[in-house]
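Participant: Below is the structure I would like to discuss, written out as structure tokens.
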Amino acid sequence: MRIEHLKKSKPEAERLEDDTKVRTAVEGTLRDIETRGDAAVRELSEKFDGYTPESFRLTQSEIEAAMQKVSAREMEDIKFAQDQIRRFAEAQRASMTDIEVETLPGVVLGHKNIPVQSVGCYVPGGKFPMVASAHMSVLTASVAGVPRIVASAPPVNGEPHPAIVAAMHMGGAHEILCLGGIQAVGAMAIGTESLDPVHMLVGPGNAFVAEAKRQLFGRVGIDLFAGPTETMVIADDSVDAELCATDLLGQAEHGFNSPACLITNSRKLAEDTLAEVDRLLAILPTAETAAVSWRDYGDVILCEGYDEMLQVANDMAYEHVQVMTDRDDWFLEHMHSYGALFLGPRTNVANGDKVIGTNHTLPTKKAGRYTGGLWVGKFLKTHSYQKVTSDAAAAQVGEYGSRLCMLEGFVGHAEQCNIRVRRYGGRNVAYGTAVE
């Protein structure tokens, strides 16, 4: 198999150094929030955002005032996006059914899908206020039936971002906080004097937010371990370099460490895309960010054929995978490790991020090998139950259970089975023995 790297990103070892610095900073910050509660949160908000209101939780009048600043066209666009996301989430929810089955006469087993009871939804602000993230987390949790949804986003220009507040409110948030960074996810997960803790954290964020979620996992549930956004373009000569370069840089502008990769079996397309990236970076308003990402985290990989392209793509397991070939459905059939697929030149990652209806909170750093992205099912816990409705079934299952418990040496376990055999099967089984 021949695979050639026409451009290669910086080594993994250098990336790990950055992760270590972030981990240390987050540990100390979370410890401070746990020790000092609201006081620590207020100091952190002042330090990083210059924002210390009387309360970080917005009142109904503050929510309404923020929404008044959103134009009619912007409000209509938000409604359209939420309609698409709600429609798909509702279809996903409908696919998840409670079940009950009688596996033996008198033995009934089942499961119920129960919503997580409280969720903290983080919406990034900073350089790019991520209005769409409010739809993806808040609205999806609402469709799942979560009874308490807390949504938090940092201030932008010293105040709550109007469109984010509108999206949170319209999506179904019960509590809206104007709070960002580690202090936001830490306060929601740990709880403070003024904020009850949640059971689960969801939503994207910068490296510090992602690391905070990782460290808080176990105390609360999380949607997934997320790193910087990743985009991969799988293309052959059925498309041109302008399309490939545009789709690569469209995600590279997210941050200074956003990986972007082209996998192709066409040397001409690979070389033309490299040239086209340089041309676009000369005119792209966000080139200051995108150029650094492309320099440090950009890859162009030339493969011999489609089988090699598929293998490399599955091994890399990128978050967004744009497929533009003469056999897109073949890749859909055979891809197994990724965040989300975007099939064909008419499709693009930006539409998936903002409006088309699928969720944009997706696995990165090869997590697509073991998990999918955020969806309505992430907010539901599947709990099993069992009941035995006849004496005969209690005795029958009890006999097997007794012997299997003794096989493992669990005498007390066996007696739980034996007492049912005695009571419902009419058999005299001595304590501490297996049913013969």
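The values are calculated or read from the model by the stated rules, or taken from the named source; none is laboratory data. Given the structure is predicted, the values throughout are model-derived calculations rather than measurements. With ideal geometry, Cβ positions are generated from the backbone for all residues, glycine too; neighbour counts draw on all protein chains shown. What goes into the accessible areas is simple: the full protein's heavy atoms, side chains included, and nothing from ligands, DNA or RNA. Shrake-Rupley method; radii C 1.70, N 1.55, O 1.52, S 1.80 Å.
Participant: Please work out the Kirkwood hydrodynamic radius for the stretch 339-436, using every pair of different C-alpha atoms, and report it in angstroms with one decimal place. Kindly include the intermediate steps, with their values, before the conclusion.
Facilitator: Working: mean 1/r = 0.0559 Å⁻¹.
The Cα-based Kirkwood calculation yields 17.9 Å.
Participant: For the stretch 234-334, what does the accessible surface come to per residue with a 1.4 Å probe? Please give it in Å².
Facilitator: Accessible surface, normalised per residue, equals 40 Å².
Participant: Sticking with this structure for a sec: Among 285-295, 136-146, 373-383, how do they line up from the highest to the lowest mean number of other beta-carbon atoms within 10 Å?
Facilitator: 136-146, 373-383, 285-295
Participant: Arranged from highest to lowest average of other beta-carbon atoms within 10 Å per residue, in what order do the peptides 179-188, 98-107, 192-201 appear?
Facilitator: Per-residue mean Cβ counts within 10 Å order the peptides as 179-188, 192-201, 98-107.
Participant: Report the gain in length on full extension from T59 to D296: 0.36 nm times residue separation, minus Cα-Cα distance, nm rounded to one decimal. Before the final figure, lay out the partial values.
Facilitator: Values: separation 237, 0.36 × 237 = 85.32 nm, distance 4.38 nm.
The T59-D296 span can extend by a further 80.9 nm.
Participant: Under 18 Å from the 7 Å Cα→Cβ point of H334, by amide nitrogen: which residues of the stretch 294-309?
Facilitator: 301-309
Participant: Still on this structure, I have one more. So with the 1.4 Å probe, I'd like the accessible area per residue for the stretch 109-160, rounded to whole Å².
Facilitator: Working: 1490 Å² over 52 residues.
With all protein chains present, the stretch 109-160 gives 29 Å² per residue.
Participant: Run a plain Debye calculation on the stretch 294-355 (Cα atoms as equal point scatterers, no solvent) and give log10 I(q)/I(0) at q = 0.15, 0.21 Å⁻¹, rounded to two decimals, same order as the q list.
Facilitator: Values, matching the q order: -0.48, -0.93.
Participant: As a test, work out the antiparallel percent of DSSP beta bridges whose residues both lie in the stretch 11-151, rounded to the nearest 5.
Facilitator: The antiparallel fraction comes to roughly 60 percent.
Participant: Moving on to the next point. Please work out the average accessible area per residue across the stretch 338-392, using the 1.4 Å probe convention, and give it in Å².
Facilitator: 52 Å²
Participant: Could you derive backbone 3J(HN,Hα) for the stretch 201-211 from the dihedral phi with the Karplus parameters 6.51, -1.76 and 1.60 (θ = phi - 60°), listing whole Hz in sequence and x where the residue is Gly or Pro?
Facilitator: Once θ is set to phi - 60°, the couplings for the stretch 201-211 become 10, 9, x, x, x, 6, 4, 6, 5, 4, 5 Hz.
Participant: Another question about this same structure. Whenever you get a sec, compute what percent of the accessible area on the chain sits on carbon and sulfur atoms (1.4 Å probe).
Facilitator: Ligands and nucleic acids excluded, carbon and sulfur reach 52 percent.
Participant: Over all Cα pairs of the chain, how is the pair count split among 20 Å bins, expressed in % and running from 0 up to the last occupied bin?
Facilitator: Values per bin, smallest distances first: 23, 45, 25, 7, 0.
Participant: A follow-up question, please. From largest to smallest, what semi-axes in whole angstrom does the stretch 370-420 give when each is the square root of 5 times an eigenvalue of its alpha carbon gyration tensor?
Facilitator: In descending order the semi-axes read 35, 16, 8 Å.
Participant: Helix-only mean residue ellipticity at 222 nm, the chain, DSSP H runs n ≥ 4 weighted -39,500 (n - 2.57), per residue, nearest 500. What is it?
Facilitator: -14500 deg cm²/dmol
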